[in-house]
Structure formats: C-alpha cells, structure tokens
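Please read the structure below before turning to the comments.
Nothing in this text is a laboratory measurement; each read-out follows from the coordinates by a stated rule. What you are looking at is a predicted structure, and each value in this text was computed from that prediction instead of being measured. In this analysis, Cβ positions are derived from the backbone assuming ideal geometry, glycine residues included, and neighbour counts consider all displayed protein chains.
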Ligand code: NAD
C-alpha cells in the first residue's frame with residue numbers, strides 16, 4: 001500500500017498542534033522545512049556516457065540540533081516525499097530526546113540495475129551537489145531504502161575531499177573501518193526488544209509471552225532471535241513468501257538457517273500459515289517488521305495480541321489503527337518502536353565528534369536506557385492527556401521541538417525588537 005508521506009507528516013504536525021493549542025507561527029514553522037535543495041546529479045555509466053537524475057536534501061528542523069535522516073535511492077522519490085520523511089524524523093529524534101533535528105535526502109533512480117562503479121559515481125556526485133548543505137553540525141545523512149554502509153563511506157570520503165577536512169561525523173551508518181559504531185546492524189531490533197519488554201511489563205504479560213513477528217529481514221530476524229533468547233515464545237514468523245506457526249515456540253536460529261539455505265521461512269519444518277492467518281494467530285505480542293501498510297482494517301479485526309510493537313515504519317493503516325484502539329489493543333508506534341536505528345546513529349555521530357570508540361556493551365546499555373526513558377515519557381504523556389500512544393508520541397515530539405523553537409526564535413525576535 002502506498003502512503004502519502006507528506007500528507008501523513010502534515011497530519012501528524014496538525015494533530016499535535018491542535019492538542020497543544022499552538023499558535024500560527026509555530027504551525028507555520030513546523031509545516032514547512034527550514035531548508036531544502038533540489039540538485040542535478042550527473043553520473044558516469046559503465047559505457048562511458050553521462051546520465052543525470054534529480055536529487056534532494058531537506059532539513060526540516062535544526063531547532064534541537066543538526067538535522068538527521070536517511071538517504072533514499074528509489075524511482076518513487078519526490079521532493080514532497082523527502083519533505084514528509086524529514087518532518088517525521090524531526091518528531092522521532094525529539095521523541096527520543098536526541099540532540100538532533102530531522103532531515104532526509106534522496107535520488108529519484110532505480111539503483112537495482114547499476115553496477116558498483118556506477119553507484120559510486122552517483123553517490124559521490126550527489127555528495128558534491130549537497131556538500132554545502134550537509135555537515136556534522138548542520139545536517140547528517142544516514143542509510144535508508146537501497147543505501148547502506150558502502151554509500152555512507154563514499155559520502156564521508158567525498159565530503160572530506162570537497163572540504164579538505166577529515167570529518168567522519170558528516171554521515172552515520174558507515175562501516176566500522178570508516179568510523180561506524182558497533183551495534184548499528186542490530187540497533188533497530190535491540191531498541192524494539194527493550195520496548196517489547198518494558199511494554200509487556202506494564203501490561204502484566206507473562207515472562208514467556210507468545211510473540212508473532214511479521215517479516216524476517218534485518219529488523220524482524222534479529223528481533224525474533226533476541227526475544228527467543230530472552231525466554232519469550234516466538235510462535236509465528238513470516239517473510240514475503242508466507243508464515244509458519246508452532247504454538248510451543250519456534251527455534252528461531254534453525255528458522256534462520258532454513259531461510260539462508262532455502263530462501264524462505266516457509267520451508268522450515270512447522271505448520272505453514274497464510275499471511276492473513278499469521279496476524280490472527282493466538283499470541284500476546286505482535287511485531288510487524290515487514291512493510292508499510294501491512295496490516296489493514298480487516299486484518300486488525302482478527303489480531304489476538306494485546307500488544308503491537310511497530311518495528312516497521314507505518315505498518316498499520318489509519319483504519320487498522322482505529323480498529324486496534326477500539327479493541328483495546330496497545331500499539332507502541334513506529335516512531336518509538338523502530339527508533340533504535342536512529343538512536344545508535346546518534347551514538348555514532350557523538351563518537352565521531354568526540355573522537356571516541358564505544359564498546360558494544362556500552363552502546364547496548366546506552367540504547368536500552370534511552371528506549372526505556374522514551375517509553376516512560378510517552379506513557380506518562382498518554383496517561384496524563386488521555387491519548388493513544390501514537391498521538392501522545394506526536395504531542396511529545398512536537399512539544400519538544402516547539403520548546404526549542406521558543407528559546408531560539410523568541411531570543412532573535414527580542415533582539416530585533418530592542
Ligand atoms: P528487510 O528488507 O531486511 O526485511 C523485510 C522483511 O519483510 C523480509 O523478510 C521480507 O521477506 C518480509 N516481507 C515483505 N513483505 C512481507 C509480507 N507481505 N509479509 C511478511 N513479510 C514480508 O527490511 P528491514 O530493514 O528489516 O526493515 C523492515 C521494516 O523496518 C521497514 O518498514 C523499515 O522501514 C523498518 N525499519 C528498519 C530499520 C533498520 O535499521 N533495518 C530501521 C527503522 C525502521
């Protein structure tokens with residue numbers, strides 16, 4: 001399902017602005033990005049010709065710190081989508097109380113057919129085009145759809161060539177050799193793990209609660225393994241080919257081995273279930289960790305879990321969300337449950353800026369403490385205002401941005417007036 005991310009971001013801002021009774025100038029600043037650029041990105045193809053594609057970089061807000069957000073290479077990338085994603089990043093970093101704002105970038109291209117050399121030419125050219133916009137104290141890109149550590153290493157290197165300064169903090173999600181952080185690969189799963197445990201405790205779920213994880217990729221597979229190691233029973237798993245079920249708990253490591261050998265979890269020795277039936281399995285906790293829009297209204301009607309932790313971005317449609325709320329299912333929204341990645345990105349940036357290297361244990365401890373604090377803050381706001389967690393997350397995030405804006409803008413306004 002395609003979601004209009006720009007409209008979603010504006011609706012998020014408006015809902016929080018209404019709840020906080022914000023005035024016109026706050027709304028105006030929040031509804032539009034601080035800075036955005038459109039660039040032309042020429043790159044050299046393997047046959048020696050030059051292609052040109054459009055690229056974008058948007059810093060929605062730097063009120064709380066340098067803009068932070070991924071870089072997406074996809075044929076559907078538009079300036080509106082990038083702006084919407086940058087806006088949502090501002091809310092996410094504020095909700096996590098990170099010293100960062102929100103940004104996003106992208107190139108409108110299908111990178112699937114490109115060779116490694118073409119990808120490098122494209123990424124370096126994009127970096128030169130946006131070099132004036134990014135920087136460790138202004139706007140810090142990271143990986144997103146179809147980009148990974150290779151692309152981030154190229155960005156860091158090209159930025160150093162353009163500016164003449166070694167500057168690893170200009171980008172996060174780098175390889176370890178280029179200044180990346182330990183724990184980045186499993187950060188989203190590790191963050192969601194903390195959220196699942198802390199939420200389960202609040203709801204009084206048993207220590208061996210039954211979990212279903214939809215999606216067995218980077219986020220889902222690591223998370224399922226972690227939760228199984230913690231003593232929860234992973235009773236259902238799925239990937240794009242279908243799902244599997246074992247009421248006594250699946251051996252997640254063995255499922256991973258099956259997927260690595262045969263390409264899908266459905267080849268594992270367990271009852272095979274359809275994608276719809278997976279969501280309706282008897283369980284206590286459901287973790288959507290696949291695609292956006294993966295749970296619709298009809299599927300939400302069948303969910304038996306008491307807790308849904310959104311490891312994926314936007315997995316529940318608005319209609320599904322309303323159904324789950326009506327049915328008393330607690331939904332920990334993506335803006336928190338999937339925030340482990342950006343949190344460790346922040347740690348990487350902090351290590352680079354301070355010239356430090358933190359141990360894996362240090363990263364894990366700091367991450368779980370951040371996630372626990374954010375969940376506590378969120379739960380408190382939701383209870384105090386009588387809001388679902390998703391709305392409370394927007395209110396908390398937007399409220400923090402507004403506090404920072406007030407400090408900054410009112411100072412400037414007073415200076416101008418005096
Ligand atoms: P991935 O591509 O590694 O894995 C996606 C998984 O979902 C695959 O196993 C795929 O087979 C499965 N899948 C696809 N369609 C499915 C369907 N209809 N039913 C069940 N499974 C299906 O992606 P990922 O990095 O694990 O990301 C998953 C989600 O988490 C995305 O929404 C992503 O935006 C979000 N997320 C990921 C990270 C991260 O660091 N990896 C960070 C924040 C948010």
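Quick notes on this structure:
- In nm, spacing of pseudo-spin labels at residue 28 and residue 117 (7 Å Cα→C-beta vector): 5.3 nm
- Overall form of the range 45-131 per C-alpha gyration tensor (a/c, 1.5; a/b vs b/c): prolate
- Fully extending the segment from residue 407 to residue 240, taken as 0.36 nm per residue of separation minus the present Cα-Cα distance, adds 55.4 nm.
- By the helix-only formula, in which each DSSP H run with n ≥ 4 contributes -39500 (n - 2.57) and the sum is divided by residues, the chain has a 222 nm mean residue ellipticity of -15500 deg cm²/dmol.
- Length gained when the stretch residue 362-residue 301 is fully extended (0.36 nm per residue, less Cα-Cα span): 17.8 nm
- In nm, spacing of pseudo-spin labels at residue 271 and residue 201 (7 Å Cα→C-beta vector): 3.3 nm
- Whole-Å distance, taken between Cα centres, linking the range 383-407 and the range 1-37: 13 Å
- Choice from 258, 93, 186 showing the highest fluctuation, given a GNM over the chain with Cα pairs closer than 10 Å: 258
- Seen through its C-alpha gyration tensor, with square-root eigenvalues sorted a ≥ b ≥ c, the chain comes out oblate because a/c lies at 1.5 or above while a/b is not bigger than b/c.
- Of the three principal axes defined by the Cα atoms of the range 187-337, the extents in descending order read 40, 29, 27 Å.
- The range 56-204 - share of DSSP beta bridges that are antiparallel (%, nearest 5): 40 percent
- Relative contact order of the chain, taken over Cα pairs closer than 8 Å and 6 or more residues apart, is 16 percent.
- Residue order, fewest to most surrounding Cβ atoms within 10 angstrom, among 174, 259, 112: 112, 259, 174
- Within a Gaussian network of the chain (alpha carbon springs, distance under 10 Å), most fluctuating of 399, 70, 263: 263
- Mean Cα-pair separation over length for the range 187-337, i.e. relative contact order, pairs under 8 Å, 6 or more apart, %: 22 percent
- Sorted fewest first by neighbouring Cβ atoms within 10 angstrom, 376, 277 come out as 376, 277.
- Beta bridges by DSSP in the chain, antiparallel share as percent, to the nearest 5: 50 percent
- Top of 42, 75, 282 by mean-square fluctuation, Gaussian network on the chain, Cα under 10 Å: 75
- Straightening the chain between residue 373 and residue 35 buys 118.6 nm, computed as 0.36 nm per residue apart minus the Cα-Cα spacing.
- Computed label-point distance, nm, for sites residue 50 and residue 208 using a 7 Å Cα→Cβ extension: 6.7 nm
- Between the C-alpha center of the range 267-315 and that of the range 53-114 there is a gap of 28 Å.
- Each residue in 60, 151, 222, 267 was given a count of other beta-carbon atoms within 10 angstrom of its own, and listing them fewest first yields 267, 222, 151, 60.
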